[in-house]
Amino acid sequence: MSSISSFSSVLSFVLVFSSLVLTLQVHSHSSLHKTLPAVLAMDSSKAGSVKEFRAGLDEDTEEEYASQSKLLQEFTSISSIDKAWVFKSKSGIGSQAMFSISQPNLLANKKRKYMLSSSISKVSNNNVNFQWAPFPVEMTGVSITIPSPSGSKLLVIRNPENESPTQFEIWSSSQLEKEFQIPQSTHGSVYADGWFEGISWNSDESLVTYVAEEPSPCKPTFNYQGYKKGVTKDKECTSWKGQGDWEEEWGEFYAGKRQPAPFVININSGKVHAVRGIEKSLSVGQVVWAPPVEGIDQYLVFVGWSANPRKLGIKYCQNRPCALYAVKVPLYKSEAAESDLKSLEELNAVNLTQSISSAFVPRFSPDGKLLVFLSAKASVDSGAHNATNSLHRIDWPADGKPSSSTKIIDVIPVVNCAEDGQFPGLYCSSFLSKPWLSDGCTMILSSYWHSCQVILSVNVLRGEVLRISPADSGFLWTVLTLDEDNVIVVCSSPVDVPNIKYGCLVDKANNTTGWHWLNVSSPIFKCSEKVRSLLSYVQFGILQIPVKDVSDCLKKGAAKAFEALFVSSKVNDAPAPLIVVLHGGPHDVSLSTFSKSLAFLSSIGFSLLIVNYRGSLGFGEEALQSLPGKVGSQDVNDVLTAIDHVLEKGLVDPSKIIVVGNSHGGFLTTHLIGQTPHKFVAAAALNPVCNLSSMVGITDIPDWCYVGSYGTNGKTIFTEAPTAEHLTRFYNKSPISHISKVKAPTIFLLGAQDLRVPVSNGLQYARALKERGVETKVILFPNDIHPIERPQSDFESFLNIGVWFKKYCK
C-alpha cells in the first residue's frame, strides 16, 4: 500500500461521492416562510416607484427589516463542523482527515450537509500542513456516515421517508461496493439523534451494530363484518386498520418515534438480525461491540433506559435512570450460523452497573481491558435535569464474559465545590468514538469549566485530570478528533469566528504534559469581510459577579461568585444599549463561544450581558443544587445583581436595557419584566415557561415543575395528579403571578409543536399582556418544537428580535 494506504479511500471517496449528489438542487424563493418580509430577497433601492408595505409596517420599519436581514444572512451562512475523523497510513507517513460540515439552507429550510477532506503532514511540533480537497461534496439525503476502524470502508445510511426502506451503502476507495434496502417490517429509521444513536463496526469489519426503531406493531383490522381475527399485513380495499394501543414516547424531539432497539447487519450478505435477550421495557441506545475473544460469541454493550413506570421527556434530561448492559450475540458469519438462530436459546442481557443509578456513553480502551463510562448519578438522585457528571471504569474480564457483579471503579467523582482555579467537575455528555492517546489509558475530552469549554486529558487508571487547552484564553475549545497523540480542535469566542487548531503533545518521551497549539488555515469557517470588520469593533470579557445577601444556610459553593459574559459594543464612545441574555435549563450554561445570532445582535449596536446565574453547569455541584426550590427568586436576583454590576461600572446605558431568553431563560425574562417593571424597555421570550400550574399537566417533564418549585424533595412528591396546594405553589413561582405589573413591550416566538413548554403557556401570557394594554407581538412557528432552530425559523426569530429591540432603543 502507498503512504495513504488504508484511507487513501477518503480522498478518493470525495470524488466518488459526487455520484451521491449528482446535481445541485435549485429551490424556489416561494419556499421561504410566508411571514418573512418580502424585502429579504430584494434591494429596496431597486424597487418600483409604487411601494407597498406589509400590513402593519411603515416604510422605516420595512427598511430596518431589509438592512438587518442582509446582515443576518451573512452571519447565517457561516458553516460549522459536526464531526471529524482521522486515519493514519500503514507506513505511518502523514494522515487523512475527513470533516462532516453543515450550513443552513434558508430556501430549503434544512441544513445542507457536506464532507471535506484534507491530507495532514506534521513537519514538527511547530509546523503542520493541511492540504484541503479543492471542493466539498454535498451529502444529499444522508442521515449518518460512519467510517470503518481501518478507514477502508465507509457506511452511509439514508433513513426512510413515507414508509420507504432504510438504505445502507458500503463504499470503498473507488466505488459503491454494496447497497441494501432494509424494509419497514424489519425496522424503521436508524436513530441519528446523538443520544440513542449508536453505530459500531466490529473488529474485522464484517458486522455493524446500530440502533433503529422497532417495526410497527400489528394493528387491529376491521371490515364490513366488524373485527377481523388474525394478523393482516397486506392492505385490502374491503378493510381498514384501527389504531391499536397508544404507546408512550420519550417526549420532546421523539414524537412519532418508535422504541429504539439494537440490530446487527452482516455487510457481506446484507442480512439484518434483531438482538435478542433484551427486556421489552428497555429503550436501547449507544451500542458498541465488546472486545472479541477467540472461541466465544461476541458481546454488545449498550445503554438501557427503562419505561417503568412511564417515559418522561429525555431530550436535554440526564436525570432519567439508565444502566450499561451486555448481551451475547452470534457473529452471523455463515449461513450455518444464521440457520442455527432458530434453535438458539435466548440469552438475557446482563446489567453491568446495578449499583449506580446512571451509566452511559460506554467506551473500551484500545487493548479492550477497560470499559469507561459517564454517570449522571447526581442528576438522577436529585431530580435536577442536568448536574455534575462522574467518570467510572470497569475492568473487562479476560475471558470476555461479563458479569453483574463486576466492580465499578470511580475515576472522576462529582466535585461539590472546587477551590479557585481548580477543576470544577466533569460536564460533558459524550466522548469521541476514539478518545485515546497512544498510551491506551489517557482520554481526551471536552468539558465545561465555568463559562468556558476546555479540553481535558484524563488518565483513567490514576484518575488524573489535566486541562490541556490554554488556561487564560477565555475561548471555547472543542475537540474534534485525534491524530495519534495530536489533537484537532475548534476554537472560538463570542467575537471570534471559529478556527481549527492542531495540538501537539510536547516531549512525550519524558512524560511532560505540555501542549503546543498551531493555527490551521481552513476554508470551512469562511465569512464575509463585513462580518469580520464588524466583529473587530466588539470586545468581550468574563465578569465575576459576587453573590448578594449571602445566607449562612448557603453551602460554600453556592456563596461563591457566579459569572457573566460581557460583549461590549460602543456607538460614538457612549455606552450601547444592553441586551441581557439568559440561557434555558435552568441547568445549562452560556459558553464563551461564537454564536451567529448573538454576534448579529452585537454587530447592530448592542452590548450583551450573558448571565450564568447560580444553577448553571460548570461551577460545581453545590452551586448547581442551590437553585431547585428557588426558581423565580434566586435566579432572578442573580440576573439583577449582574445588571447592577455593569451599571456600577458605567458600562451600559441604564435607560436602554432589554432582556431575551428561551425556555427557562424565557421564564426569567417574563419574571424580570414583572418583578422589576421599570428596568427594561423591551423583552423577547422564546418558548417561555410562564405558568407552571398549567404547564405541569401537559409538559413532557412534569417532574421538573415539582423539583424546580420544591427542590430535591419535589422528586419524591411528584404525582400525575397535582393537589390544590401544589398548583398554588406552581402559580406563585410563575411569571404570570406578576403579570399585572408588566410594562415592557414583549415579543414572543413560539414553536407550535413544543412538548417541553407547550405553546399554550406562552400564548396565555401574551394574551394576558394584550388584555392589559402592553404592546405585544407573537410569531408562531407551526412546525417547530422547543428549540426554534429550523433555518427559516431561527432566521426569522432573530431578525424580528433585532428589529423589535431597535424600535425601543432609538
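The values are calculated or read from the model by the stated rules, or taken from the named source; none is laboratory data. Fair warning: this is a prediction, and the values are worked out from it, not measured in the lab. No Cβ is skipped: glycine too gets one built from the backbone with ideal geometry, and neighbour counts run over all protein chains shown.
On the stretch given as the stretch 106-118, residues that are buried (at least 19 other Cβ atoms within 10 Å of the Cβ) and either of a type outside the set (Gly, Ala, Ser) or farther than 29 Å from residue 789 by Cα (or both) total 6. With respect to residue 487, is the statement that it is in a strand (DSSP E or B), closer than 26 Å to residue 385 by Cβ and touching a strand residue (DSSP E or B) at 6+ places or on another chain (Cβ under 6 Å) true? No: the conditions fail for residue 487.
When residue 405 is tested against the conditions (1) under 19 Å from residue 488 (Cα atoms); (2) free of Cβ contacts under 8 Å to residues at least 24 places away in the same chain, the lone failure is (1).
Take residue 635 and tell me if it is of a type in the set (Asp, Glu), under 26 Å from the mean Cα position of the chain (by Cα), assigned to a helix (DSSP H, G or I) and at negative phi. Considered against the rule, which asks whether it is of a type in the set (Asp, Glu), under 26 Å from the mean Cα position of the chain (by Cα), assigned to a helix (DSSP H, G or I) and at negative phi, residue 635 comes out as yes. Take residue 788 and decide whether it is hydrophobic (A, V, I, L, M, F, W, C), surrounded by fewer than 20 Cβ atoms within 10 Å (Cβ to Cβ) and at pLDDT 95 or above. In short, no. Out of curiosity, is residue 421 modelled with pLDDT under 95 and not aromatic (Phe, Trp, Tyr)? So residue 421 fits the description; yes. Against the numbered list (1) part of a loop (DSSP other than H, G, I, E, B); (2) within 29 Å of residue 714 (Cβ to Cβ); (3) aliphatic (A, V, I, L, M); (4) touching a strand residue (DSSP E or B) at 6+ places or on another chain (Cβ under 7 Å), residue 744 comes up short only at (2). Scanning the stretch 255-265 for residues that are touching an Asp or Glu at 6+ places or on another chain (Cβ under 8 Å) and closer than 29 Å to residue 289 by Cβ gives 257, 258, 259, 260, 261.
Filtering 605, 620, 629, 615 for residues that are on the phi > 0 side of the Ramachandran plot and in contact with a His (Cβ under 8 Å, 6 or more places away or on another chain) leaves a single hit, 615. Residues that are more than 27 Å from residue 643 (Cα to Cα) and either assigned to a helix (DSSP H, G or I) or not small (Gly, Ala, Ser) (or both) within the stretch 674-704 comprise 693, 694, 695, 696, 698, 699, 700, 701, 702, 703, 704, listed in sequence order. Considering only residues in the stretch 456-479 that are over 18 Å from the mean Cα position of the chain (by Cα) and in a strand (DSSP E or B), the one that is surrounded by the most Cβ atoms within 10 Å (Cβ to Cβ) turns out to be 458.
Report yes if residue 121 is over 30 Å from residue 799 (Cα atoms) and of a type in the set (S, T, N, Q), otherwise no. It is true that residue 121 is over 30 Å from residue 799 (Cα atoms) and of a type in the set (S, T, N, Q). The criterion of being in a loop (DSSP other than H, G, I, E, B), modelled with pLDDT of 80 or more, at negative phi and not charged (D, E, K, R) does not hold for residue 240. Scanning the stretch 523-552 for residues that are among the hydrophobic types (A, V, I, L, M, F, W, C) and over 22 Å from residue 452 (Cα atoms) turns up 524, 527, 531, 534, 550.
For residues in the stretch 246-298 being closer than 21 Å to residue 371 by Cα and among the charged types (D, E, K, R), which is surrounded by the most Cβ atoms within 10 Å (Cβ to Cβ)? Ranking the qualifying residues of the stretch 246-298, first place goes to 297. Within the option set 699, 712, being touching a residue at least 40 places away in the same chain (Cβ under 8 Å), hydroxyl-bearing (Ser, Thr, Tyr) and crowded, with 23+ Cβ neighbours inside 10 Å holds for one residue only, 699. Is it true that some residue in the stretch 770-781 is over 23 Å from the mean Cα position of the chain (by Cα) and in a helix (DSSP H, G or I)? Yes: one or more hits.
When the stretch 403-429 is limited to residues that are more than 15 Å from residue 393 (Cα to Cα) and polar (S, T, N, Q), the one that is surrounded by the most Cβ atoms within 10 Å (Cβ to Cβ) turns out to be 416.
If you scan the stretch 521-568, which residues turn out to be farther than 25 Å from residue 611 by Cβ and either among the aromatic types (Phe, Trp, Tyr) or crowded, with 17+ Cβ neighbours inside 10 Å (or both)? Within the stretch 521-568, 522, 524, 525, 527, 531 qualify.
Inside the stretch 720-746, residues that are more than 29 Å from the chain's Cα centre (by Cα), under 15 Å from residue 695 (Cβ atoms) and surrounded by fewer than 12 Cβ atoms within 10 Å (Cβ to Cβ) make up a count of 0. The set of residues in the stretch 638-673 that are within 25 Å of the chain's Cα centre (by Cα) and either surrounded by fewer than 24 Cβ atoms within 10 Å (Cβ to Cβ) or outside any helix (DSSP H, G or I) (or both) comprises 659, 660, 661, 662, 663. Where strands (runs of 3 or more DSSP E) sit wholly within the stretch 125-204, those with at least 3 residues that are within 28 Å of the chain's Cα centre (by Cα), surrounded by 18 or more Cβ atoms within 10 Å (Cβ to Cβ) and among the aliphatic types (A, V, I, L, M) occupy 154-158. Determine whether residue 626 is over 23 Å from residue 692 (Cα atoms) and either among the polar types (S, T, N, Q) or in contact with an Asp or Glu (Cβ under 6 Å, 6 or more places away or on another chain) (or both). Criteria not met by residue 626.
Taken as a whole, the stretch 221-232 holds no residue that is part of a strand (DSSP E or B) and in contact (Cβ under 8 Å) with a residue 40 or more places away in the chain. From the list 703, 653, the one residue that fits, being within 23 Å of residue 585 (Cβ to Cβ) and acidic (Asp, Glu), is 703. Taking each residue of the stretch 520-538 that is under 21 Å from residue 489 (Cβ atoms) and looking for partners that are small (Gly, Ala, Ser) and surrounded by fewer than 19 Cβ atoms within 10 Å (Cβ to Cβ) with beta-carbon atoms closer than 9 Å, six or more apart or interchain, yields 524/80; 525/80; 526/77; 527/77.
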